[in-house]
Structure formats: C-alpha cells, structure tokens
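Down below is the structure, laid out as structure tokens.
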Amino acid sequence: MREKFADTPGKESDRYLALCDTWREKYLEMDRKELKERFHLEGDETAQFITYFGQRYRLDQRTGMAALEEDPERRLPFNTVMAIYHLFYYSKPDAKVSGKFVPFREVKRAAPFDAAFKRNILDAAARTFDGHLPELRRACEALGGKSLPQGDAGYEIRAFDCMPLQFIFWDGDEEFPAQANILFDADITDFLHEETVVCVGDDLFRRLTEESGLPDAKRPYGDR
C-alpha cells in the first residue's frame with residue numbers, strides 16, 4: 001500500500017510516492033517509544049497520533065502510513081506528510097523553542113529560499129485575504145490561534161504542539177497593498193530541516209484558506 005497525495009498530479013506522482021515510501025521506512029526504523037515520550041504522542045502498539053494545524057493524524061505502527069484521523073481515505077498533501085516525518089527525523093533530542101520570532105529570511109540556512117517563499121506563500125496569502133478580514137480571523141481562531149496586537153489580523157498558531165508560528169496580516173487600502181508575514185521561532189531548525197520550514201509555511205496558508213472558505217490559491221511552490 002502506497003501513500004497518495006492531493007497535490008502531486010501527473011508524472012510527478014511517482015517521485016512523490018517514492019519519497020513517501022522512503023520516509024515511511026525511516027519512520028519505522030526510529031525509536032517510536034522515544035518519539036512518543038519526547039513529543040507526548042497519544043497511541044498504542046497499533047498507532048501513534050500527532051496534531052498538525054488543528055488536525056489529528058494517525059501513524060500506523062505496522063506500515064508507517066500517515067492518515068487524517070477524521071477522514072482516513074483523504075489524500076494528504078505532500079508538504080503535510082513530509083512535515084510530520086521530518087519532525088521526527090530531524091528534531092534534536094534537546095530541541096526547545098527560543099521564544100523569539102523571526103521572519104523566514106532570518107531562519108537559519110533558509111535565506112536561499114526566501115524569494116520563492118515570499119512570492120509563492122506570503123504574496124499569495126496577501127492576495128487571498130485582501131478585503132477578507134472577518135474570514136481570516138475566523139480561520140485563525142479555527143486553528144486555535146491566539147490574537148496578537150500586530151497587524152490588522154495577527155495570531156499565534158501552533159503547527160505542532162512544540163512549534164508556534166505567528167501569522168501577521170495587514171489589509172490593503174488606497175495607499176498600500178495587503179501584506180502578509182509568517183514569523184517562525186528562531187530555533188525552528190532544531191526541529192526541522194530548513195527546507196521543511198517552507199512546507200510548514202505553505203501548510204499554514206493552505207489551512208487558513210480551507211478554514212476561511214475562500215477560493216484556494218494556486219501555489220506552484222507548494223506543488224513542487
């Protein structure tokens with residue numbers, strides 16, 4: 001049985017399926033008892049569970065397959081699957097959040113990806129939520145976001161329980177276009193590979209779009 005992804009159309013599917021198989025196998029080789037203790041995972045000998053942007057995922061302990069608990073047949077986005085496996089694989093045993101939030105360009109070793117991150121995630125978010133503050137606020141609250149004083153809509157939202165993010169949005173007006181920013185903990189690369197931070201930012205945008213009820217934005221970076 002092989003994982004399928006919602007955002008892997010056409011000839012790219014086989015490559016993504018192969019990557020998923022690789023990471024499933026890596027997960028099965030990990031010390032899952034230690035993972036359970038370190039990340040406070042619920043579960044038993046048949047499954048472990050982890051919450052990601054307000055949704056609970058099941059990891060089968062026999063196959064390593066990841067599935068959305070509330071809809072096991074739903075095809076999972078590639079970014080989501082990679083973020084979950086990569087958290088377990090790359091997280092340092094003593095990883096802790098610093099409490100200091102920084103823009104993506106200041107995340108360790110992430111600078112080479114900044115232009116694409118801005119173009120395909122932040123600019124897309126600005127266009128999507130421009131003029132839709134009520135929908136955006138509702139979406140942030142649906143993800144358990146805590147209101148912040150910054151921006152026209154600012155919220156602290158947890159990707160994983162151990163990974164807080166800040167989403168800051170300024171609505172457009174006659175003088176300035178809408179702007180969006182995502183701030184990450186300065187030590188997020190103690191939990192994830194720097195490229196996976198892009199996946200997490202993209203998933204935040206996707207989940208906010210889903211919860212807002214606004215039309216999905218097409219984001220080439222998320223479909224790579």
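For this structure, a couple of remarks:
- Positions within the range 183-209 being part of a loop (DSSP other than H, G, I, E, B), within 16 Å of Arg105 (Cα to Cα) and not aliphatic (A, V, I, L, M), in sequence order: Asp187, His193
- Filter pass, Leu214 being among the hydrophobic types (A, V, I, L, M, F, W, C) and in a loop (DSSP other than H, G, I, E, B): yes
- Restricted to strands (runs of 3 or more DSSP E) entirely inside the range 66-182, those with at least 1 residues that are within 24 Å of Ser212 (Cα to Cα) and in contact (Cβ under 8 Å) with a residue 60 or more places away in the chain are 101-103, 153-158, 164-170.
- Evaluation of Ile182 against (1) within 26 Å of Glu37 (Cα to Cα); (2) of a type outside the set (Asp, Glu); (3) crowded, with 22+ Cβ neighbours inside 10 Å (one fails), failing number: (1)
- Only one of Lys36, Lys100 that is at negative phi, surrounded by fewer than 17 Cβ atoms within 10 Å (Cβ to Cβ) and either out of contact with any Gly (no Cβ under 7 Å at 6 or more places or on another chain) or in the same structural domain as Ala115 (by TED's automatic domain parsing) (or both): Lys100
- Among residues of the range 134-149 being out of contact with any helix residue (DSSP H, G or I) (no Cβ under 8 Å at 6 or more places or on another chain) and crowded, with 16+ Cβ neighbours inside 10 Å, the one that is farthest from Phe49 (Cα to Cα) is Leu148.
- Residue count, the range 34-65 (criterion: in contact (Cβ under 8 Å) with a residue 40 or more places away in the chain and more than 21 Å from Gly201 (Cβ to Cβ)): 6
The values are calculated or read from the model by the stated rules, or taken from the named source; none is laboratory data. Given the structure is predicted, the values throughout are model-derived calculations rather than measurements. All Cβ positions, glycine included, derive from the backbone under ideal geometry; neighbour counts span all protein chains shown.
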